[in-house]
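**Q** Sending over a structure as C-alpha cells; questions will come in a sec.
The values are calculated or read from the model by the stated rules, or taken from the named source; none is laboratory data. Every value quoted in this text rests on a predicted model; they were computed, and no experiment measured them. Neighbour counts run over all protein chains shown; Cβ positions are idealised from the backbone, glycine included.
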Amino acid sequence: YARQNAARSFDWGSYLSANNASAAPVTCFKHCPMSAGWDNITVGMKVEVLNTDIDVDQNVFWIATVIKIAGYKAKLRYEGFGVNDSSCDFWLNLCTQDVHPVGWCATIGKPLVPPKTIQYKYGDWKAFLVKRLTGARTLPNNFYNKLIENISDKNFKKSMEVEVVDKMCVSAMRVASIDEIVGNRLRLQYVDSKEENDEFWCHTLSPLLHPVGWSSSTGHRLHATAEYKTSSLNKVITGKYDEFDTSPSIFPKLEDSKNGGKFEVGMKLEAIDPLNLSTICVATVMKVLKKHYLMIGIDGSIAQNGTDWFCYHAKSPSIFPVGFCDVNNLDLTPPKGYKDTFNWFQYLKETKSQAAPVKLFNKEVPKNEFKPGMKLEAVDLMEPRLLCTGTVVKVTGRLLRIHFDGWEDTYDQWVDCLSPDIYPVGWCEMVGYHLEGPKSKDTQQPVPTMQHMGKKKRG
Ligand code: MLZ
C-alpha cells in the first residue's frame, strides 16, 4: 500500500514505550478496517518478520511473538529471546506488508534465520521452532487481502461531486469534487473556487458531507450557481443522478424522529460549539430545516446574519438538553457577559424562551471501550487536513474529550465515540498519510487566544 509521507511521520512505538501509554483498541473504531475481527488479534500471536539482527546483506526472516498491542501496532519479540528479555523488542504495524502470517516464508521459499544475538543459545533451531510454534496462533492467511478490501468504500470515486460545509462560512454548503481518497478520507476541492487548492478534508461518514441535491432537499443554505441549484433539485425530484454525482443511496440513513415532538425555533439547548470544539455552549434553535435538520446558533456569538449558524441533525450526539453539563459535571460556556453567574432558570426567564424538551434528544449511549489515557489519532477539525496524536482525557456517556498531545487544552475537541474523525494508533501509517506528532517544547510557538480563532482564522 502507498506510504507517501510515512518517512516524515511520527513514530508511535518509542513514544508509547517511553510514556508507558495504552492505545484505544481497534474494536472501538467501527468505521475502520479490521475493526470487526480485531478481537482475534491477541498478545502471544506469532508472525514472520524481517530479521534485522544479522550480518549477511540479504533479506532473511524470523518468527516473532506479539508482546503488546496498541491500535494497529504491535510490540514484537524475536522467537528465542527469553520471556524476560525485552532488549531487542521492536514495534511494527500489523496492517502493513512488514508482517506476515507464520508459514509465509515457507510458501514463497524465503529462509528463516535466527538473530545473531541469540544464535548461540540453541543447537537445533528447527526443533526449537517446531516446539514453539505448535499450537501457536498467527494472522489469518487472507489478512492482508481482507485489509485492502476493507480499506476503502468503493462507492466514492475520484471526481465525484458532493455538497460539503463551506469552511469559510459554516452556515452554508458548497459544491466540491473528490480529488483524492486516503483510507475513506476525502480530499475535496471546492468547484467554484477562485483560489487554487481550495481544499477541505473529511471522512465519507462525516456529518459535514452530503450528496448532490441535499441542500435543496433540506432547505440548507447553499453557495452555488443558479444552474447547479436547479439541476440538483431536479435530481432530487426525479431520483436520476449523473455518473459523477454522489447520490443519497451511498450515505448513511439518519433515523427519523419518532417521538412525536419537534424542535421549534427559539428553543434553548446546549451544543458543542462548531467553531471551538473544546466548549459546550448555551445555544438556540435558529431555524428548522426539512428531514430533521436544525440550524443552531451559539448564544452571544458576534456574527450577524447567521453566518455562524451550524447544521446539526435532531439526533446528533453533539446537541444536548438544558442541564446536560450540570448533570454530567462539565463546564458549560455561557453567552458573553454571563461568566460564572449563568443560571439556566434565570436565563430562560430573561430571554422568555423555552428549553427544548429532553425527549427530542438522542439518548442512546453506544457501548464503547474508550478510557481516559488511551492514545489515538485524531483529525484536528479546525484544520481537517491534519491528523494528530491525541489522548482521550474524558469519557462522558458517548462523548469523548480528545486532547492533542503537547498542545494547550484550548485545542481539545469533544467528539462522539462513533466519530469517523478518530482512528486507532497506526492508522496513518497503514493508509500512508502524514501523522503530526506531539507538539514538543522546542517547537512551541505562541498560540492565538480562542476569541480570535474560528474555522477560517486558526492555522
Ligand atoms: N496553525 C495552527 C496549527 C494547529 C495544529 C494543532 N493541531 C492539534 C495553530 O497554531 O493554531
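**Q** Name the pairs whose Cβ atoms lie under 8 Å apart, with the first residue in the stretch 315-328 and closer than 14 Å to residue 268 by Cα, the second in a helix (DSSP H, G or I) and at pLDDT 95 or above, and 6 or more positions between them or separate chains?
**A** 321/358; 321/360; 322/344; 322/348; 323/344
Okay, residues lined up against (1) farther than 30 Å from residue 163 by Cα; (2) touching a helix residue (DSSP H, G or I) at 6+ places or on another chain (Cβ under 7 Å):
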site: 310; (1), (2): no, no
site: 314; (1), (2): no, yes
site: 317; (1), (2): no, no
site: 324; (1), (2): yes, no
site: 327; (1), (2): yes, no
site: 331; (1), (2): yes, yes
site: 336; (1), (2): yes, no
site: 344; (1), (2): yes, no
site: 348; (1), (2): yes, no
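**Q** Here's something else I'd like to know. With the requirement that a residue be surrounded by 18 or more Cβ atoms within 10 Å (Cβ to Cβ), closer than 19 Å to residue 22 by Cα and within 14 Å of the ligand (Cβ to nearest atom), what does the stretch 396-411 give you?
**A** If the condition is that a residue be surrounded by 18 or more Cβ atoms within 10 Å (Cβ to Cβ), closer than 19 Å to residue 22 by Cα and within 14 Å of the ligand (Cβ to nearest atom), then 401, 402, 403, 404, 405 are the ones that fit.
**Q** Tell me which of these residue 248 doesn't satisfy, since it passes every other one: (1) within 25 Å of the chain's Cα centre (by Cα); (2) without any contact (Cβ under 8 Å) to a residue 12 or more places away in the chain.
**A** Result: residue 248 fails condition (2) only.
**Q** Given 316, 353, which one is over 17 Å from the mean Cα position of the chain (by Cα) and not in a helix (DSSP H, G or I)?
**A** Testing whether each residue is over 17 Å from the mean Cα position of the chain (by Cα) and not in a helix (DSSP H, G or I) leaves just 353.
**Q** Identify all residues within the stretch 24-81 that are within 19 Å of residue 419 (Cα to Cα), touching a helix residue (DSSP H, G or I) at 6+ places or on another chain (Cβ under 7 Å) and hydrophobic (A, V, I, L, M, F, W, C); write none if there are none.
**A** 26, 32, 34, 38
**Q** Just to be sure, is residue 421 under 25 Å from residue 322 (Cα atoms), crowded, with 16+ Cβ neighbours inside 10 Å and either over 12 Å from the mean Cα position of the chain (by Cα) or within 15 Å of the ligand (Cβ to nearest atom) (or both)?
**A** No; evaluated as a whole, the condition is false for this residue.
**Q** Specify the residue that is surrounded by the most Cβ atoms within 10 Å (Cβ to Cβ); the eligible residues are those in the stretch 337-376 that are within 20 Å of residue 29 (Cβ to Cβ), away from the ligand (no atom under 16 Å from the Cβ) and of a type in the set (A, V, I, L, M, F, W, C).
**A** 374
**Q** Within the stretch 288-313, count every residue that is touching a strand residue (DSSP E or B) at 6+ places or on another chain (Cβ under 7 Å) and either in contact (Cβ under 8 Å) with a residue 40 or more places away in the chain or in a loop (DSSP other than H, G, I, E, B) (or both).
**A** 13
**Q** In addition: Considering only the stretch 82-111, state which residues are within 25 Å of residue 431 (Cβ to Cβ) and in a loop (DSSP other than H, G, I, E, B).
**A** 94, 95, 96, 97, 98
**Q** Could you please let me know if residue 325 is touching a Phe, Trp or Tyr at 6+ places or on another chain (Cβ under 8 Å), crowded, with 18+ Cβ neighbours inside 10 Å and of a type outside the set (Ser, Thr, Tyr)?
**A** no
**Q** Just checking, how many residues over the stretch 38-81 are touching a residue at least 60 places away in the same chain (Cβ under 8 Å), in a loop (DSSP other than H, G, I, E, B) and within 30 Å of the chain's Cα centre (by Cα)?
**A** The number of residues fulfilling the criteria is 6.
**Q** So, residue 172, is that one surrounded by fewer than 21 Cβ atoms within 10 Å (Cβ to Cβ), over 20 Å from the mean Cα position of the chain (by Cα) and at negative phi or not?
**A** For residue 172, the condition - surrounded by fewer than 21 Cβ atoms within 10 Å (Cβ to Cβ), over 20 Å from the mean Cα position of the chain (by Cα) and at negative phi - is met.
**Q** Now a separate question. Please work out which residue is farthest from the ligand (Cβ to nearest atom), limiting yourself to the stretch 377-395 and to residues that are more than 9 Å from residue 201 (Cα to Cα) and either without any contact (Cβ under 8 Å) to a residue 24 or more places away in the chain or over 12 Å from the mean Cα position of the chain (by Cα) (or both).
**A** 395
**Q** Please specify each residue of the stretch 260-276 satisfying the condition of being hydrophobic (A, V, I, L, M, F, W, C), outside any strand (DSSP E or B) and surrounded by 13 or more Cβ atoms within 10 Å (Cβ to Cβ).
**A** 263, 267, 275
**Q** On to the next question. Which residue pairs have Cβ atoms under 6 Å apart, sit 6 or more places apart or on different chains, and have a first residue in the stretch 120-147 that is part of a helix (DSSP H, G or I) and a second that is of a type in the set (Asp, Glu)?
**A** 132/79
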